[in-house]
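Colleague: Would you mind keeping the following structure in view while I ask a few things?
The values are calculated or read from the model by the stated rules, or taken from the named source; none is laboratory data. Computed from a predicted structure; not experimentally measured. Virtual Cβ from ideal backbone geometry, glycine too; neighbours counted across all protein chains shown.
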Amino acid sequence: MWEHEALTAAIRAAPGEDTPRLAYADWLAEQGEEARAEFIRVQVALARAGDGDHPAEALRVRESELLGAHRSAWVGERVAFAPLEAWVFTRGMPEVLDLRDRVAGDDAFVSLAAWPGLTELIALHLAHNQIGQPGAAALGSTPYLANLVILTLDGTGIGDDGLATIAASSHLSRLGHLRVVDEYIGCQSAVVIAASPHLGSLTTLELTENAIGAEGAAALAASPHLTRLRHLDLETNDLGASGASAIASSLALAGLESLNLTHNGIGDTGAGFLAKSPNLSRLVMLNLGGNGIGDAGTTALAVSGSLAALRTLNLEANSVTDAGVAAIASTPRRSDLTTLNLDNNAIGDAGAVAIATSPTLARLTSLYLWGNRIGDAGALALAGSPYLKKLTTLELNENAVGKAGWRALGARYGVRKQ
């Protein structure tokens, strides 16, 4: 029916909008498909609901009931191309295809890429399948992925050449989230991504556990096409301080809201580059775990006037001591922090006391101090803090806290030794 085609086309044209979906639900109800219409409305309502929203619990129950009763019928002929359980409904539509560990060989990818039904998809997950050059070529050339917003390629063996084929696809201009994790792709792939005019809609780029190096980071940082990026994850890519410097000096990446540079060996020097950057003023989350950062780098981050929007700071598995903690706790520039992760450092009682007595850190809701050198004195200070009233998550295991300290922490925050 033309109405059906027009309504579903409207959904594909504006995948982020609820109005076309609800209009489709109204039409389905008029056709007597009450269950399908209700399901769309339920999932739209769930997408709008916030965490801890009590009415959402009832909606989730109803969602499960409707899906359990009708999933097979609603997926329909799509099972000829992918198993029933691979189809995921979002806001009422079967528009996510999760093929993780499900596709065998390039022939299957070639067949899949030739299926016109792919135009329904906004997300395609292909992790942990082996994609060779024929498969990559098929995915890169198919016009049926033109509505795709999310593509994940973790552990597919696609390599630099395969990723170049994907990046060159003019059909992926809507892609907003690209995830290529644990592929050992090198600088070449970063250069290709940075140079692609077809990836200009990316807002999230995840390249964790690869080998792009400082040169690859510099290519991304200089890209004229990646100006819409808001979330960049380059964990474990051997960037070094030079890579951090390239990111810090990038005008193209000035819109970043979250940056993950965990395990890149940037050291105090790299942390200093980030702290001084005038281009990271929108950064809300900064993850610098496992980078060999000591008190000098921590202090630079603490007193930075450029990181004005920062809410989450992760410095786990570094070399931060009480002096670094004192720097964070004593500067009003970090007064907006809500999450502070200092797990697995070299922090003692003095550091815990600095946090406990800091009005700067009064907005903290999550504090992670696992694996440090904090004893009862530090634990009692945290338990008695007049400022940590908003704290809902506190991690202090693998420290030197004794019974008295744990008793006080349990009474104040409800935490227990594990």
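Colleague: Only one residue in Leu313, Leu364 is buried (at least 20 other Cβ atoms within 10 Å of the Cβ), of a type outside the set (Asp, Glu), farther than 23 Å from Gly265 by Cα and in contact with a strand residue (DSSP E or B) (Cβ under 7 Å, 6 or more places away or on another chain). Which one?
Modeller: That would be Leu364, the only listed residue that is buried (at least 20 other Cβ atoms within 10 Å of the Cβ), of a type outside the set (Asp, Glu), farther than 23 Å from Gly265 by Cα and in contact with a strand residue (DSSP E or B) (Cβ under 7 Å, 6 or more places away or on another chain).
Colleague: Consider only pairs whose beta carbons are under 9 Å apart and that are at least six residues apart or on different chains; among these, list those whose first residue lies in the stretch 242-263 and is of a type in the set (Asp, Glu) and whose second residue is surrounded by fewer than 21 Cβ atoms within 10 Å (Cβ to Cβ) and modelled with pLDDT of 95 or more.
Modeller: Glu257/Arg230; Glu257/His231; Glu257/Arg282; Glu257/Val284; Glu257/Met285; Glu257/Ala309
Colleague: Does the stretch 284-294 hold any residues that are more than 21 Å from the chain's Cα centre (by Cα) and surrounded by fewer than 21 Cβ atoms within 10 Å (Cβ to Cβ), and which are they?
Modeller: Gly292, Gly294 - these are the residues of the stretch 284-294 that are more than 21 Å from the chain's Cα centre (by Cα) and surrounded by fewer than 21 Cβ atoms within 10 Å (Cβ to Cβ).
Colleague: Ser170 versus (1) modelled with pLDDT of 95 or more; (2) under 23 Å from Ser250 (Cα atoms): which is the lone unmet condition?
Modeller: Going through the list (1) modelled with pLDDT of 95 or more; (2) under 23 Å from Ser250 (Cα atoms), Ser170 breaks only (2).
Colleague: Looking at the stretch 281-292 only, could you name the residues that are within 20 Å of Thr360 (Cβ to Cβ) and part of a loop (DSSP other than H, G, I, E, B)?
Modeller: We begin by selecting, within the stretch 281-292, every residue within 20 Å of Thr360 (Cβ to Cβ); these are 281, 283-286, 288.
The answer is Ser281, Leu283, Val284, Leu288.
Colleague: OK, next. Counting only residues that are aromatic (Phe, Trp, Tyr) and under 23 Å from Asn318 (Cα atoms), which one in the stretch 368-418 is surrounded by the most Cβ atoms within 10 Å (Cβ to Cβ)? Break it down into steps so the answer makes sense when it comes.
Modeller: Taking the stretch 368-418 and keeping what is aromatic (Phe, Trp, Tyr), we get 368, 370, 387, 406, 413.
Retained after the next criterion (residues that are under 23 Å from Asn318 (Cα atoms)): 368, 370.
On the way: Tyr368: 19, Trp370: 17.
Of everything passing the filter in the stretch 368-418, Tyr368 is surrounded by the most Cβ atoms within 10 Å (Cβ to Cβ).
Colleague: Among the residues that make up the stretch 139-151, is at least one of them under 28 Å from Thr204 (Cα atoms), at pLDDT below 90, part of a loop (DSSP other than H, G, I, E, B) and out of contact with any helix residue (DSSP H, G or I) (no Cβ under 9 Å at 6 or more places or on another chain)? Walk me through how you get there before you give the answer.
Modeller: Residues of the stretch 139-151 that are under 28 Å from Thr204 (Cα atoms), as a first pass: 139-151.
Next cut, at pLDDT below 90 only: none.
For the stretch 139-151, residues under 28 Å from Thr204 (Cα atoms), at pLDDT below 90, part of a loop (DSSP other than H, G, I, E, B) and out of contact with any helix residue (DSSP H, G or I) (no Cβ under 9 Å at 6 or more places or on another chain): absent.
Colleague: Name every residue in the stretch 242-283 that is surrounded by fewer than 22 Cβ atoms within 10 Å (Cβ to Cβ), under 15 Å from Ala211 (Cα atoms) and in contact with a helix residue (DSSP H, G or I) (Cβ under 9 Å, 6 or more places away or on another chain), in order of residue number.
Modeller: Ser242, Gly265
Colleague: What pairs come out if I take residues in the stretch 101-119 that are hydrophobic (A, V, I, L, M, F, W, C) and pair them with residues that are assigned to a helix (DSSP H, G or I) and crowded, with 17+ Cβ neighbours inside 10 Å whose C-beta lies under 6 Å away, six or more apart or interchain?
Modeller: What qualifies is Phe109/Gly135; Phe109/Ala138; Val110/Ala138; Ala113/Ala138; Ala113/Leu139; Leu118/Tyr144; Leu118/Leu145.
Colleague: Do the conditions hold for Arg78, that is, is it among the basic types (Lys, Arg), surrounded by fewer than 18 Cβ atoms within 10 Å (Cβ to Cβ), within 16 Å of Thr8 (Cβ to Cβ) and modelled with pLDDT under 95? Can you show your working first?
Modeller: Working: among the basic types (Lys, Arg): yes; surrounded by fewer than 18 Cβ atoms within 10 Å (Cβ to Cβ): yes; within 16 Å of Thr8 (Cβ to Cβ): yes; modelled with pLDDT under 95: yes.
Against the criterion (among the basic types (Lys, Arg), surrounded by fewer than 18 Cβ atoms within 10 Å (Cβ to Cβ), within 16 Å of Thr8 (Cβ to Cβ) and modelled with pLDDT under 95), Arg78 qualifies.
Colleague: Quick one: which helices (runs of 4 or more DSSP H) sit completely within the stretch 1-109 and have at least 3 residues that are among the acidic types (Asp, Glu) and farther than 30 Å from Gly132 by Cβ?
Modeller: Per the criteria, 54-75.
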